[in-house]
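Peer 1: The structure's right below; bear with me while I get my questions together.
Values in this text are rule-based calculations from the coordinates and carry no lab data. Please read these numbers as outputs of a predicted model, since none were measured by experiment. Backbone-built Cβ (ideal geometry, glycine too); neighbour counts: all protein chains shown.
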Ligand code: IPM
Ligand code: MN
C-alpha cells in the first residue's frame with residue numbers, strides 16, 4: 001500500500017491508552033504509516049535481561065520505532081528495558097527538545113530549548129561493585145569515541161536546525177578526567193565546524209541560568225554526558241508543564257527509537273486519564289525523521305491547538321478535565 005512500517009512498542013501502564021491515541025490520530029490524518037506492534041516483556045536468559053528476538057528483528061527491519069513507557073523491573077538481574085533498547089541498537093544520541101505550548105501558561109514564557117544527551121555510557125554503564133559492606137563503587141565510564149560521536153551529532157544537528165551554536169554542559173571542574181575528556185573532545189570536533197560557535201558551561205550553572213533566563217538558551221544546542229542530560233531534560237520539561245509534553249528521539253547510525261520520556265503511571269493506567277501528548281510529539285519527531293514533514297506539521301499543530309483551546313480539552317496533568325479519548329477526538333477534529 002506504499003506505507004512505511006514502523007515498530008510500535010506500546011509500553012506498560014498508560015502505554016496502551018496513549019498508543020491507541022497515536023494510532024487513531026495517524027489513521028485520521030492519513031499518515032502513511034503501518035504500525036507493527038511488538039512485545040518487549042523482558043526475558044531473563046542466563047541472568048541477563050534480554051529482549052525478545054521478534055522485537056529486535058522488527059526494529060532492525062523497520063529501522064524506526066515508536067515507544068511508550070516501560071516500567072523498570074525491580075530486583076536483581078533485571079536492568080531497565082529502556083536502557084536495554086538504547087544499548088541493543090546503539091542509539092548513541094538522545095535528542096530532547098522542550099518548547100512552551102502557546103496557550104498553556106506556566107511561569108516561564110517562550111521556552112525553546114534542545115539538549116542532546118550521550119545515551120550509551122557515563123553513569124549508565126551499569127558497572128557497580130560492593131567493595132566491602134558499606135562501601136560501593138559505581139563507575140562513570142567516559143570514552144573518547146562515544147563522546148566524539150555524540151558531540152559530532154550535536155554539531156550536525158545544530159547546523160540542520162539553523163542554530164549554529166553548541167554548548168557543552170559538564171562538570172570538568174570536579175570530574176577532571178571524565179568530563180575533561182568530554183570537553184577536550186568537543187574542542188577537537190569543533191575544529192571541523194568553524195561556522196558553529198562552541199562554548200562550555202558547568203552543569204550547576206546551567207540549572208541556575210536555565211531557570212532564571214531560559215531565553216538565553218533559545219539559539220543553542222546543548223550536549224552533555226548521559227546522567228546530566230537525564231536530569232537537565234526533566235528540569236527543562238518542568239519549565240513548560242511537565243514530562244507529559246516533551247518528546248524525545250534516541251538516534252543511532254541505523255536505527256532510531258522515538259519515545260515518551262515519562263513513566264508508565266500505573267496509578268492512572270486504564271482509567272482514561274493519560275496525556276498522550278509526549279508520545280504524539282515524539283511521533284511527530286519520528287515523521288520528520290522520515291521526511292514526512294507535512295503529516296508531522298499537521299498532527300503537531302492539531303495537538304498544540306487542542307491544548308491551547310482550554311482546560312476542558314486538557315488532561316488532568318495539565319489541570320484540565322479531559323479524558324484521553326476526548327482529547328484524542330478534539331485533536332482529530334482539528335486535523
Ligand atoms: C529517561 C528515563 C530513563 C533514564 C529511565 C526510565 C531508565 O528517566 O528516559 O530519561 O534514566 O534514562
Ligand atoms: Mn529521565
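Peer 1: Could you order peptides 171-178, 238-245 by the average number of other Cβ atoms within 10 Å of their residues, highest first?
Peer 2: 238-245, 171-178
Peer 1: Let me ask something else about it. So what is the relative contact order of segment 133-187, in percent, for Cα pairs below 8 Å that sit 6 or more residues apart?
Peer 2: Dividing the mean separation by the residue count of segment 133-187 yields 44 percent.
Peer 1: Let me ask another. Order 319-330, 273-284 from most to least packed using the mean count of other Cβ atoms within 10 Å.
Peer 2: In descending order of packing, they fall as 273-284, 319-330.
Peer 1: With springs connecting C-alpha atoms under 10 Å apart, model the chain as a Gaussian network and identify which of 13, 47, 249 has the largest mean-square fluctuation.
Peer 2: 47
Peer 1: Under 8 Å for C-alpha pairs, at least 6 residues apart: give me the relative contact order for the chain, rounded to a whole percent.
Peer 2: 22
Peer 1: Arrange 67, 48 by Cβ neighbour counts within 10 Å, fewest through most, would you?
Peer 2: 48, 67
Peer 1: Is any residue of segment 294-320 close enough, with backbone N under 20 Å, to a label point placed 7 angstrom from the Cα of residue 24 along the Cα-Cβ axis, and if so, which?
Peer 2: 296, 298-320
Peer 1: Please list the three semi-axes, largest first and in whole Å, of the ellipsoid equivalent to the chain, using sqrt of 5 times the eigenvalues of its alpha carbon gyration tensor.
Peer 2: Computed over the chain, the values are 31, 25, 20 Å.
Peer 1: If you don't mind, there's one more thing I want to ask. Starting from the Cα of residue 74, move 7 Å in the Cα-to-Cβ direction to define the label point; list residues of segment 255-280 whose amide nitrogen is under 19 Å from there.
Peer 2: What the label zone holds, given the 19 Å backbone N cut-off, is 263-269.
Peer 1: Can you tell me the equivalent ellipsoid semi-axes for segment 218-268? Use √(5λ) from the Cα gyration tensor, largest first, whole Å.
Peer 2: Over the Cα atoms of segment 218-268, the ellipsoid semi-axes are 20, 17, 11 Å.
Peer 1: If you don't mind, there's one more thing I want to ask. Compute the relative contact order of segment 107-240 as a whole-number percentage, counting only Cα pairs closer than 8 Å that sit 6 or more residues apart in sequence.
Peer 2: Computed over segment 107-240, the figure is 39 percent.
Peer 1: To the nearest 500 deg cm²/dmol, what mean residue ellipticity at 222 nm is calculated for the chain from DSSP H runs of n ≥ 4 alone, each contributing -39,500 (n - 2.57), summed and divided by the residues?
Peer 2: After summing the helix terms and dividing by the residues of the chain, the value is -12000 deg cm²/dmol.
Peer 1: Given the Cα-Cα distance of residue 289 and residue 187 and 0.36 nm per residue of separation, how much length would full extension add, in nm?
Peer 2: Contour length minus the Cα-Cα distance gives 33.9 nm.
Peer 1: Mind ordering 160-170, 112-122 by average Cβ neighbours within 10 Å, highest first?
Peer 2: Ranked by mean Cβ neighbours within 10 Å, highest first: 112-122, 160-170.
Peer 1: Among 271, 99, 30, which comes first, second and so on when ranked by fewest other beta-carbon atoms within 10 Å?
Peer 2: So the residues, fewest neighbours to most, are 30, 271, 99.
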